[in-house]
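Data block below; observations after.
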Amino acid sequence: MKTEKINNRKIIKHLILVLIMAFAGFSAQAQQANKNAKYAIEVNGNCEQCQKRIQKAALSVPGVKSASWNLETHQLSLILNEEKCSLPDVEKAVAKVGHDTEKVKATDSDYEKLHSCCKYDRK
């Protein structure tokens with residue numbers, strides 16, 4: 001009877017240890033940055049000149065692998081390495097060249113540098 005209790009305790013200890021290790025493994029995996037994270041953000045602009053400027057600004061951020069701005073939908077589709085950059089990094093770069101995003105607005109001086117055809121209605 002006594003050896004049976006000892007064996008049950010050992011089994012429970014091993015089970016708890018296995019569960020802790022499994023949980024730690026899942027937690028570590030969840031914290032890894034995505035090297036091919038996909039995002040789509042709205043960026044204000046009017047023309048093909050805006051498209052080139054927006055895409056160039058996004059691609060200038062180290063870690064951005066792909067940037068494509070759609071003239072009709074105003075959506076900037078991105079693929080980026082989250083180990084090297086973040087979405088706010090890209091939004092700041094785009095705002096720096098005069099284009100507002102949903103979260104980061106261009107300064108008035110950066111907006112004023114845009115060509116007249118590129119000046120969109122600011123909200």
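The values are calculated or read from the model by the stated rules, or taken from the named source; none is laboratory data. Keep in mind that this is a model prediction, so the values were computed, not measured. Here Cβ is always computed from backbone atoms with ideal geometry, including for glycine, and neighbour counts include all displayed protein chains. All accessible areas refer to the heavy atoms of the entire protein, side chains included, with ligands and DNA or RNA removed. Shrake-Rupley method; radii C 1.70, N 1.55, O 1.52, S 1.80 Å.
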Practice prompt. Mind checking region 25-123 for chymotrypsin sites (Phe, Trp or Tyr not before Pro) that DSSP puts in a loop (not H, G, I, E or B) and that have at most 10 other Cβ atoms within 10 Å?
Written response: none
Fill in: Candidates per trypsin sites (Lys or Arg not before Pro) in region 41-93, loop by DSSP, up to 14 other Cβ within 10 Å
K84
Worksheet item: Sorted by average packing, counted as other Cβ atoms within 10 angstrom per residue and highest first, what order do 41-51, 70-80 take?
Response: 41-51, 70-80
Discussion item. Amide H of K65 versus every other amide H placed in the peptide plane: which residues, excluding those fewer than 5 positions away on the same chain, fall under 5 Å?
Written reply: I79, L80, N81
Fill in: 1.4 Å probe accessible area per residue over region 22-123, in Å²
62
Worksheet item: Using a simple spin-label model with points 7 Å from Cα along the Cα→Cβ vector, what separation in nm is obtained for Y39 and K10?
Response: 5.3
Worksheet item: Can you list the HN-Hα couplings for region 58-65, worked out from phi with the Karplus curve (6.51, -1.76, 1.60; θ = phi - 60°), rounded to whole Hz and with x for Gly and Pro?
Response: 5, 6, 6, 7, x, x, 7, 9
Item to complete: Would you please name the GluC sites (Glu not before Pro) within region 85-123 that are DSSP coil residues with at most 12 other C-beta atoms within 10 Å of their C-beta?
Response: E102
Worksheet item: Can you flag which of K52/K84; K35/K113; K13/K35; K38/K96; K35/K119 are past 29 Å Cα-Cα?
Response: K35/K113; K13/K35; K35/K119
